[in-house]
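Enquirer: One structure, pasted below without further comment.
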Amino acid sequence: MKKIVLFISIMAGFCGFAQNQKYSTPVSRLTELMIEKNYSVSEREELNKYPEKLRALDYLYSKSFEISEHKQYTAEQFEKIDMTKYFSQRKLDEYVLVFDEASGLPLVLYSFNKMEADKAIIMPAAGKIAH
């Protein structure tokens, strides 16, 4: 039995499945960095109890925008983006183009309406509660 558990553990590590999963829900590396930057250890532990909040933060920090003009970029550049700088620049019905100096990338911020529509897809349970 121990050999089977060891084998599964090794294979999971080899395939990338057992990467130090810090959170109860998989989140992007950028989201991990933003959570570590903006939340205390106790707040992170509390967040880990709520997968739906982690999914919402992952969307907000890593998926509520796109890189403009299909510009090529590295993981290191992407991980320098700090969405908190742009919260106040979003508009209700329009996408907003900003240049992120830290990453050197042009970003297209999704409108609040698109974010709300995406939220209904990402978190269908939240949409049902509202009705």
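The values are calculated or read from the model by the stated rules, or taken from the named source; none is laboratory data. These numbers were taken from a predicted model, which means no experiment stands behind them. Cβ placement follows ideal geometry from the backbone for every residue including glycine, while neighbour counts extend to all protein chains displayed.
Enquirer: Go through the range 100-110 and report how many residues are under 17 Å from the mean Cα position of the chain (by Cα) and either farther than 15 Å from residue 62 by Cβ or at pLDDT below 95 (or both).
Expert: So the count comes out to 0.
Enquirer: Which of the residues spanning the range 39-89 are without any contact (Cβ under 8 Å) to a residue 12 or more places away in the chain and of a type in the set (S, T, N, Q)?
Expert: Those that are without any contact (Cβ under 8 Å) to a residue 12 or more places away in the chain and of a type in the set (S, T, N, Q): 40, 42, 72, 74, 88.
Enquirer: Another question, if that's okay. If I filter the range 18-47 down to residues being more than 14 Å from the chain's Cα centre (by Cα) and either modelled with pLDDT of 90 or more or part of a helix (DSSP H, G or I) (or both), which single residue comes out as nearest to residue 73 (Cα to Cα)?
Expert: Filtering the range 18-47 for residues that are more than 14 Å from the chain's Cα centre (by Cα) and either modelled with pLDDT of 90 or more or part of a helix (DSSP H, G or I) (or both), the one nearest to residue 73 (Cα to Cα) comes out as 39.
Enquirer: Here's something else I'd like to know. What are the residues in the range 75-103 that are among the charged types (D, E, K, R), surrounded by 15 or more Cβ atoms within 10 Å (Cβ to Cβ) and either in a loop (DSSP other than H, G, I, E, B) or on the phi > 0 side of the Ramachandran plot (or both), if any? Break it down into steps so the answer makes sense when it comes.
Expert: If we filter the range 75-103 for residues that are among the charged types (D, E, K, R), which is where we start, we get 76, 79-80, 82, 85, 90-91, 93-94, 100-101.
Applying the additional criterion that residues be surrounded by 15 or more Cβ atoms within 10 Å (Cβ to Cβ) yields 79-80, 82, 90, 100.
Within the range 75-103, 79, 80, 82, 90 qualify.
Enquirer: Before we move on, is residue 92 in contact with a strand residue (DSSP E or B) (Cβ under 9 Å, 6 or more places away or on another chain) and at pLDDT 95 or above? First the steps, then the outcome.
Expert: Working: in contact with a strand residue (DSSP E or B) (Cβ under 9 Å, 6 or more places away or on another chain): no; at pLDDT 95 or above: yes.
Considered against the rule, which asks whether it is in contact with a strand residue (DSSP E or B) (Cβ under 9 Å, 6 or more places away or on another chain) and at pLDDT 95 or above, residue 92 comes out as no.
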